[in-house]
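Working notes, structure below.
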Amino acid sequence: MAYIIGYPITSILFYIHKSAHTQEVLSIQLMASATVAVLLLLNFRNKINNINLALYTVLTVTLFHAYTLWKIPHQTYERETFNIILVLLFTLLVVRWNFRYALISALVPLLLLPAAIYLHNPASFTRFLGEGGLFMIGAYLLFPYVCRMRYEKDKREFYLRYTLQKQNEALEKQKTIAEQATRAKSEFLSMMSHEIRTPLNGIVGVVHLMMQDGKKNNLQSDLIQTLKFSSDHLMAVVNDILDFNKINSNHVQLDPIPFDVRALLTSLEKTFIPKAAEKSLELIFKIDATIPSQIVGDKVRLNQILTNLIHNAIKFTEKGSVKMVTKVIGKDEKKVRLHFMVIDTGIGIPYDQQPTIFESFTQATLATHRQYGGTGLGLAITKELLHLFGSEIQLFSEVGKGSSFTFSIDFPFLEEVPQQEPVVLPETTDTYSFARVLVVDDNPINLLVATNFLKRRNIQFDTAVNGLEAVDKFKANSYHLILMDLRMPEMDGYEATRIIREVNRTIPVVALTASAFSVEKERAMSSGFTAYLTKPFLPKDFYDTILPRLSREPLDSASPIEVE
Ligand code: ADP
């Protein structure tokens with residue numbers, strides 16, 4: 001376009017100097033422009049590419065210009081050479097030619113233009129050389145090399161950009177894969193959470209119901225006590241494994257309460273006696289008599305740490321003993337420093353493996369995994385939990401001789417023994433017999449647990465196994481409260497609650513969920529639920545959530561509901 005418009009404009013100079021050849025020059029230049037316009041058209045129609053268009057344009061203009069120089073006398077060549085150098089600079093800016101193209105576009109004018117002037121008049125040629133011609137020849141000679149430099153530089157930049165782009169694409173792909181993996185992990189955890197917590201709720205609930213049943217002999221009571229201990233522990237472990245990411249990202253907090261560490265250790269001993277006996281191992285629990293009876297700390301987490309270590313000690317020991325030693329190694333008015341040691345006479349851990357076994361999913365050797373199984377998570381969780389207690393785990397181990405895991409924790413302690421929390425919930429008076437609750441759950445065991453918890457308080461109830469049935473029962477009867485599972489076939493708890501809320505905005509609807517994720521809780525709380533109970537729930541959590549929400553308001557269409 002610059003050539004088409006710019007070239008004929010130069011005839012103005014002939015006009016200004018009142019040259020007799022102005023018209024002739026203009027017509028030659030217009031012809032040149034017309035030819036370039038045709039080339040442009042061909043380019044628009046994709047007949048010639050951009051690079052060729054630029055080359056043909058330069059050659060066309062050169063030809064016409066050479067003709068002008070040959071036929072038309074010039075008073076001076078200064079303007080001519082100056083213009084040509086400007087054109088060269090312009091070309092350099094606009095086009096990206098390789099050396100071959102640049103050489104052609106330089107050689108043709110380099111031969112044609114001086115030749116035209118010489119043909120016009122040999123004397124003009126000498127004048128031309130003096131009036132910038134030499135400079136112009138130099139510029140044409142340099143042109144291909146400058147073009148090549150630019151071309152190479154562009155090529156390098158292009159290559160760089162191309163590689164960067166490729167790298168970006170690869171990174172983008174990796175990012176997508178990582179995001180998918182994270183999503184898959186989260187979905188897996190969510191599924192695991194649901195799949196494990198649902199049956200666990202049944203176990204925990206039934207154990208608590210069994211504990212409240214009075215007709216038991218001593219052995220049965222002992223067995224149920226052990227079962228309760230194990231199920232509570234299993235519940236804690238499941239929670240921890242599911243929240244392993246949380247532990248890693250410091251989202252887990254300790255929950256300190258006063259407890260009797262001796263009772264905890266005795267319970268642990270009872271739990272592990274059968275396992276040790278199975279392998280004919282001596283299980284020795286040494287408990288310092290000077291330990292205060294009530295220390296303040298997170299009992300569940302300490303229990304989890306010790307369980308992990310004793311479990312491993314028994315697992316990796318074939319003969320000899322497993323010792324759990326607890327000692328007081330420091331004490332002031334407020335705090336006691338307890339030192340815990342779990343010592344076994346087992347297979348031991350190779351020295352070079354000792355630092356790595358505390359990493360998640362790591363086991364000492366492949367052979368260990370093949371022989372003993374396991375996830376490699378236990379010690380990682382133990383180490384992280386001990387960090388929360390402000391402690392570090394120490395390992396001393398020799399292959400073939402055994403291992404000892406030790407750590408110390410400072411616990412505040414209480415001088416006075418507080419009132420022991422009753423383990424068995426008292427059978428309370430009939431204060432809630434007015435209440436009517438609809439329990440909605442597709443899992444029969446969970447339904448059994450929840451309804452039995454209600455029965456203990458003489459609360460009337462009705463059941464539904466999915467959202468659809470719940471909505472029907474809600475419409476046909478009146479309730480003080482609804483316990484609603486979230487995930488159910490036919491219609492889930494969210495949808496059922498949405499429909500119920502259209503009719504009744506005030507009835508308390510408590511979500512029951514096995515999901516460990518706070519997202520589900522947030523979703524439930526923003527979907528019309530009044531409260532939220534995570535499975536597995538202990539009777540205390542259950543009653544604390546339900547009882548305050550049971551109002552004594554009389555119900556409209558109070559049709560009596562049978563207590564099953
Ligand atoms: P898991 O026991 O599920 O494999 P852990 O994190 O508890 O995972 O243990 C990691 C590894 O450390 C084990 O696989 C085992 O190789 C080693 N280890 C842990 N405790 C002991 C022990 N008491 N004796 C020998 N090796 C042990």
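The values are calculated or read from the model by the stated rules, or taken from the named source; none is laboratory data. What you see is a predicted model; the values in this text were computed from it and never measured. Methodologically, a virtual Cβ is constructed for each residue, glycine included, from the backbone with ideal geometry; neighbour enumeration extends over all protein chains shown. These accessible areas exclude ligands, DNA and RNA; they are computed on the full protein's heavy atoms, side chains included. Shrake-Rupley method; radii C 1.70, N 1.55, O 1.52, S 1.80 Å.
Less than 21 Å apart at the alpha-carbon level, and either on another chain or at least 8 residues along: which lysines does that give for LYS153?
Reachable lysines: LYS166.
So how much slack lies between LYS540 and GLN225, counting 0.36 nm per residue of separation and subtracting their Cα-Cα distance, in nm?
Working: separation 315, 0.36 × 315 = 113.40 nm, distance 1.71 nm.
Computed gain between LYS540 and GLN225 is 111.7 nm.
Just to confirm the number: angle between the C-alpha axis of helix 50-71 and the first principal axis of the chain, 0 to 90 degrees, nearest 10?
Taking Cα atoms only, the helix is inclined about 20 degrees.
Under 27 Å from the Cα of LYS215, which lysines turn up, not counting those fewer than eight places away in the same chain?
LYS228, LYS270, LYS455, LYS540
Counting only heavy atoms of protein chains, what accessible area per residue, in Å², does the range 116-191 have with a probe of 1.4 Å? Could the numbers behind the result be given before it?
Working: 5760 Å² over 76 residues.
Per-residue accessible area for the range 116-191 comes out at 76 Å².
For ASN98 and LEU134 in one chain, what is 0.36 nm times their gap in residues minus the Cα-Cα distance, to one decimal in nm?
10.5 nm
Quick check: net charge around VAL399, other residues with Cβ under 15 Å of its Cβ, Lys/Arg +1 and Asp/Glu -1? Provide the component values of the computation, followed by the final result.
On the way: positive: LYS401; negative: GLU318, ASP344, ASP352, GLU398.
Local charge sum for VAL399: -3.
Excluding ligands, DNA and RNA, what is the solvent-accessible area per residue of the range 288-336 at a probe of 1.4 Å, expressed in Å²? Don't jump to the answer; show the numbers that get you there.
On the way: 2070 Å² over 49 residues.
Accessible area per residue: 42 Å².
In degrees from 0 to 90, rounded to the nearest 10, what is the angle of the helix 218-242 Cα long axis to the longest principal axis of the chain?
Once rounded, one gets 10 degrees.
Across all directions of projection, what mean area in square nanometres is found for the Cα convex hull of the range 80-154? Intermediate results must be reported in sequence, preceding the final value.
Numbers: hull surface 17.9 nm².
Average projection, Cα convex hull of the range 80-154: 4.5 nm².
Report, largest value first, the span of the C-alpha coordinates of the range 129-178 along each principal axis, in whole Å.
Projected onto the principal axes, the Cα atoms of the range 129-178 cover 71, 12, 6 Å.
Over the range 82-219, what number does the Rg to Rh ratio reach, with both radii from the alpha-carbon atoms and Rh per Kirkwood? Don't skip to the answer; put the middle values down first.
Numbers: Rg = 40.5 Å, Rh = 22.6 Å.
Ratio of gyration radius to Kirkwood radius: 1.80.
Give, as a single signed number, the net charge of other residues whose beta carbon lies under 10 Å from the beta carbon of HIS339, with Lys and Arg counted +1 and Asp and Glu -1. Mind dumping the intermediate values first?
Working: positive: LYS327, ARG337; negative: ASP288.
Computed value for this residue: +1.
Once you keep just the Cα pairs under 8 angstrom separated by 6 or more residues, what percentage relative contact order results for the chain?
10 percent
Treating the angle as unsigned and between 0 and 90°, give the value, to the nearest 10°, between the Cα long axis of helix 99-120 and the longest Cα principal axis of the chain.
With rounding to tens, the tilt is 20 degrees.
Semi-axes of the equivalent ellipsoid of the chain: what are they in whole Å, largest first, if each equals the square root of 5 times a C-alpha gyration tensor eigenvalue? Please list the in-between numbers first.
Working: eigenvalues 1659, 279, 69 Å².
For the chain, the ellipsoid semi-axes come out as 91, 37, 19 Å.
Ignoring ligands, DNA and RNA, please state the percent of accessible area on the chain from carbon and sulfur, probe 1.4 Å. Walk me through the intermediate numbers first.
On the way: 18330 of 30760 Å².
With neighbouring chains kept in place, the figure for the chain is 60 percent.
Mind checking which lysines have their Cα closer than 30 Å to the Cα of LYS334? Skip sequence neighbours fewer than 8 apart in that chain.
Straight-distance partners of LYS334: LYS286, LYS299, LYS323, LYS383.
If you split all Cα-Cα distances of the range 1-159 into 10 Å bins from zero, what percentages do you get per bin, shortest first?
11, 38, 35, 14, 3, 0
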